[in-house]
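Worksheet: one structure, shown below.
The values are calculated or read from the model by the stated rules, or taken from the named source; none is laboratory data. Every value quoted in this text rests on a predicted model; they were computed, and no experiment measured them. Heads up, the Cβs are rebuilt from the backbone with ideal geometry, glycines too, and the neighbour counts pull from every protein chain shown.
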Amino acid sequence: MADSRAESEPLLSRARGGSGRDCLEGSAACRSVRGGPGARSRRDLCFDQAAVFIEDAIQYRSINHRMDARSVWLYRLYYSNTCQWILSFTIFLILFLAFIETPSSLTSTADVRYRSAPWDPPCGLTESVEVLCLLVFVADVSVKSYLVGWAQFRMNLWLLAYLAVLVVSLMDWIVSLSLVCQEALDEPQDPRPGPPCPSAQPHPRWSLAVGAVRAHRHPTLLFMNLPPLRIRRLLRPFFLMQNSSMMKKTLKCIRSSLPEMASVLLLLGVHLCVFTMFGMLLFTGKEQGDGQDRERLMYFRNLPEALTSLLVLLTTANNPDVMTPAYSKNRAYAIFFIVFTLIGSLFLMNLLTAIIYNQFRGYLMKSFQTSLFRRRLGARAAYEVLSSMTAEGEAHRQEVGVRPQDFLQVLQKVQLDSSHKQAIVEKVHSYGGDLLPADEFQKLFNEFDKRVIKEPPPRPEYLSPFLKSAQFVFSHRYFDYLGNLIALGNLLSISVFLVVDADVLPEDRDDFILGILNCVFILYYLLELLLKVFALGLPGYLAYSRNVFDGLLTAVLLVLEISTLAVYRFPHPGWKPEMLGLLSLWDMARLVNMLVVFRFLRTIPSVKVPTGSDTSLRGGEPGQQGI
């Protein structure tokens, strides 16, 4: 296997990538950091190499890339958050162009009766944006090709396909610009002089023959009224697939699953063909004037329609559409559909689902093994680089390991969130000044997968016993349950009024009771917010995302309610004022009610089953690990 062969080879050898010379030079530089005028620069290079290997291990990336000083700088720049964000935004931008390019369907309504003409961008506008995106992709594939080396580039099918797609896209873009965005040919003028004769309209039966004769005389008529053909639009999804490791794994899994799925798909095809012929023999015949017979014969009129009907019956739940007309004619016809459903849906489709599940499950395990191997390989490479520096030291010449201070200095260069970095720093400090052996160095990388739960800020301290008791009550989880119960009551009140006033026009509704209830509930939401801030403190209140969500919606509801009272006054019986300002009273009430319903989503975190773990502990449980 390639993985076992790679593990048996030296980490910094020529076989590790397409730039073995650079790796050997980097390794030699790490072994000679003591003397010479460039000792500090060589030491910095070793630290940068170790940081790159650690980042590769964290992100499960391959270490088969150049490791000289310039390549390390370029590699870290390419995988920086800024460059990756620019690349992701470029992919989003080139995919978003489909919504505004001609022909575009981006309108306010999809109804063709009321749809206005879409915006037609001038020639060169979208093409300019597109060529900027393509230039970013050219830079992307150039950097990747340089970093992996020529040998790895020739074996990487994704990079080769990336380059081919870019070449085709750029050529198609040049063709579009040279034709001034008019890829479709216009209708040529008839060379015969004289005005056209409006009465000489050909018979529909002769239209095809006339068209063939005209096309023979003017071959360009074959391309008349064709839509613009832009091949690069069909290739745009490739940029998203090429940049997503999950999509690559999915496509690879589908490719490996096709041989096992082919046999079941063949059985499904035979099953459909056999029952299609049976259906045509059973349900076709001389059409009668009865509408029931016409409906029965409609699904098995010819081979394509019969095959389509059974395919839809096999994959969707359209049983009444296909089965009921035949069953209403003769009850014995139900045997045909029962046998078809038992064999197709309950046997073959379940067998296909089992094969797909088994293949994806097996590939998922292989993917986990590959990711774990890359993690250990990157950690080992970082250990080799740092231990080679320790071996040349004066104090630990006979010992093998990594100095903790060297690892901490490298850790400051690694792109990692502060919480995980702090946890690893505490773990390293627990070793004291001893050298880190290889097994302990590998164990440090387990901290990257652990879920770090931040401790909430300390609560305010009150001297009064009454305030302490109030703080305990309002910070208890039962107070949250009470808030959820009040929100449920608000939701039920809105539902009741929607049912009662379903047949009442908006201008005839009396919103007195609903307006009073909204005022009361919003005042309670405001009181709940203030009491939580009192109990937890403002930093503690903002430390929980559900509190931030709740507070923002409460503030918006309060502003809307104050605006409603300022414009339409306080609710009273027969409260049906005329429209004032931008929104009517009914529109304001609808907006408030929609926000109240949206606020009810705060109850979702309370519904999940408790795990029983103490969420105040740092690092979580040992089993709470992610990828």
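Remarks
- Any hit, the stretch 102-117, residues being under 23 Å from the mean Cα position of the chain (by Cα) and either modelled with pLDDT of 95 or more or loosely packed, with under 12 Cβ neighbours inside 10 Å (or both): yes
- Residue list for the stretch 307-321, restricted to those being in a helix (DSSP H, G or I) and either surrounded by fewer than 12 Cβ atoms within 10 Å (Cβ to Cβ) or free of Cβ contacts under 8 Å to residues at least 40 places away in the same chain (or both): Leu307, Thr308, Ser309, Leu310, Leu311, Val312, Leu313, Thr315, Asn319, Pro320, Asp321
- Out of Ala487, Ala502, Ala470, sole residue that is free of Cβ contacts under 8 Å to residues at least 12 places away in the same chain and among the small types (Gly, Ala, Ser): Ala502
- Assessment of the stretch 219-228 against the conditions (at pLDDT 85 or above and either over 30 Å from Tyr327 (Cα atoms) or not charged (D, E, K, R) (or both)) yields no matching residue.
- Just one of (1) under 35 Å from the mean Cα position of the chain (by Cα); (2) outside any helix (DSSP H, G or I) fails for Glu461. It is (1).
- Test for Ser545: is it modelled with pLDDT of 75 or more and farther than 19 Å from Arg477 by Cα: no
- Tabulated pairs, the stretch 548-562, first under 15 Å from Ala487 (Cα atoms) and without any contact (Cβ under 8 Å) to a residue 60 or more places away in the chain, second part of a helix (DSSP H, G or I) and hydroxyl-bearing (Ser, Thr, Tyr), C-beta under 7 angstrom, 6+ apart or interchain: Thr554/Tyr525; Leu557/Tyr525
- Residue match in the stretch 78-86 (condition: within 30 Å of Asp120 (Cα to Cα), modelled with pLDDT of 90 or more and not aromatic (Phe, Trp, Tyr)): yes
- Test: residue in the stretch 322-345 that is within 30 Å of Ser257 (Cβ to Cβ), surrounded by fewer than 13 Cβ atoms within 10 Å (Cβ to Cβ) and at pLDDT 85 or above: yes
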